[in-house]
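Report on the structure given below.
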Amino acid sequence: MRRGYVLLAKHKHRKEGRRATSSMMSRPIEHSQDAITAEEMAGATAVPSTTLTEQEVPKQNNACIILPSSLLRCQGLTLLTPIVVTTLMSPKKVKPPPAPPPEVAPRHPATTATTFLGRKGLGAYIASPEPFPPSRVISYSEKFVVINDLYPKSSVHLLLLSRDPAKTLLHPFDALGDKDFLAEVQSEVSKLRTLVAKELRRRYGRFSVQDKAREQAMEADSLPSEEQLPLGRDWSKEVVSGVHAHPSMSHLHIHILSVDRESDCMRHRKHYNSFATPFLIPIEDFPLPPNDRRRHPGREGYLHSDLKCWRCGKNFGSKFARLKDHLAEEFETWKSE
């Protein structure tokens, strides 16, 4: 019996290795002022599920077999040139090549995982918000898209994204320097602050002492109108909105979130300080004067400052785990106020 031998096209394999290494080295490196992690950048966009069928490659004798590119993916990296495996067997009559596979229609841009990567992940929502579920994209118009943050830093955390091609890739300091555009953004933020306040009341009103009379009125046999209901707690005071002095994502986005900082995605010091220090600049403070200290977050050291409770002001230094436990206690107290 003759033995078959499998030979790898080594020069092509080495070329692929160099390409993969080059691709990984070209990925964005986290800047010292980034509050986002590599994991969050990699998953910045929740891609709608799609199903693609790989064409099965028939086995051939004395032929080159091209492995499907999907088999070569590793941690989201796709090798651009297939690896060729040559099989040498006992001489046989060469079979004719199979018929070419039918053409597959191109995927929708918003559902292509490689369309918007890393820091440009928010671009998928801006370019085509329609395929995303309501749990991710809350609303959209010709000018703006509103989404739930994929990695929220509070119990309620929204992002307002601009669809203006002249503004969406600008730094917030530059984009919000346009007074007309700033007025549009502030108007949208005002509406979203009201939306977040209503969601806070829906979630936590039953725990709040200030909302007790209102909750009781809503449970009555004859439901009163909104005007007749007790005012209850002013949840709009529990909402903050603004932009980061050094955004971690390329596309312009404005944060609208509750003050509680209660989230499993709040995982380290930079996460917390990016929302608990002047690193988050309130949208109503724009346009910023040229000499505003918040224009230089690195020099001011906001992200590396001591960890202080947003509610009681207690200083935890660099002890994030202790702060995290304290925040869980404060969250329960805050809800009950």
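The values are calculated or read from the model by the stated rules, or taken from the named source; none is laboratory data. Every value quoted in this text rests on a predicted model; they were computed, and no experiment measured them. Methodologically, a virtual Cβ is constructed for each residue, glycine included, from the backbone with ideal geometry; neighbour enumeration extends over all protein chains shown.
Looking across the stretch 210-224, the residues that are closer than 22 Å to Trp334 by Cα and assigned to a loop (DSSP other than H, G, I, E, B) come down to Gln210, Asp211.
Each row is one residue, and each column tells you yes or no for (1) part of a helix (DSSP H, G or I); (2) surrounded by fewer than 17 Cβ atoms within 10 Å (Cβ to Cβ).
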| position | (1), (2) |
| --- | --- |
| Pro230 | no, yes |
| Gly242 | no, no |
| Lys270 | yes, no |
| Lys335 | yes, no |
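Hey, any hits in the stretch 223-240 for a residue that's of a type outside the set (Gly, Ala, Ser) and within 15 Å of the chain's Cα centre (by Cα)? No: zero hits.
Given the structure, is Arg193 modelled with pLDDT of 95 or more, assigned to a helix (DSSP H, G or I) and over 30 Å from Asp292 (Cα atoms)? Step through it out loud before you land on a result.
Numbers: modelled with pLDDT of 95 or more: yes; assigned to a helix (DSSP H, G or I): yes; over 30 Å from Asp292 (Cα atoms): no.
Against the criterion (modelled with pLDDT of 95 or more, assigned to a helix (DSSP H, G or I) and over 30 Å from Asp292 (Cα atoms)), Arg193 does not qualify.
Only a single item in (1) at negative phi; (2) modelled with pLDDT of 65 or more; (3) surrounded by 15 or more Cβ atoms within 10 Å (Cβ to Cβ) is not met by Pro82, and it is number (2). There is no residue in the stretch 195-209 that is farther than 30 Å from Thr333 by Cβ, buried (at least 19 other Cβ atoms within 10 Å of the Cβ), in the same structural domain as Ser250 (by TED's automatic domain parsing) and under 21 Å from the mean Cα position of the chain (by Cα). Among the residues of the stretch 145-156, some residue qualifies, meaning at least one is part of a strand (DSSP E or B) and touching a residue at least 40 places away in the same chain (Cβ under 8 Å).
Consider Gly301 carefully, then state whether it is surrounded by fewer than 16 Cβ atoms within 10 Å (Cβ to Cβ) and under 26 Å from the mean Cα position of the chain (by Cα). Write out each step before concluding.
Working: surrounded by fewer than 16 Cβ atoms within 10 Å (Cβ to Cβ): yes; under 26 Å from the mean Cα position of the chain (by Cα): yes.
When the stated conditions are applied, Gly301 passes them.
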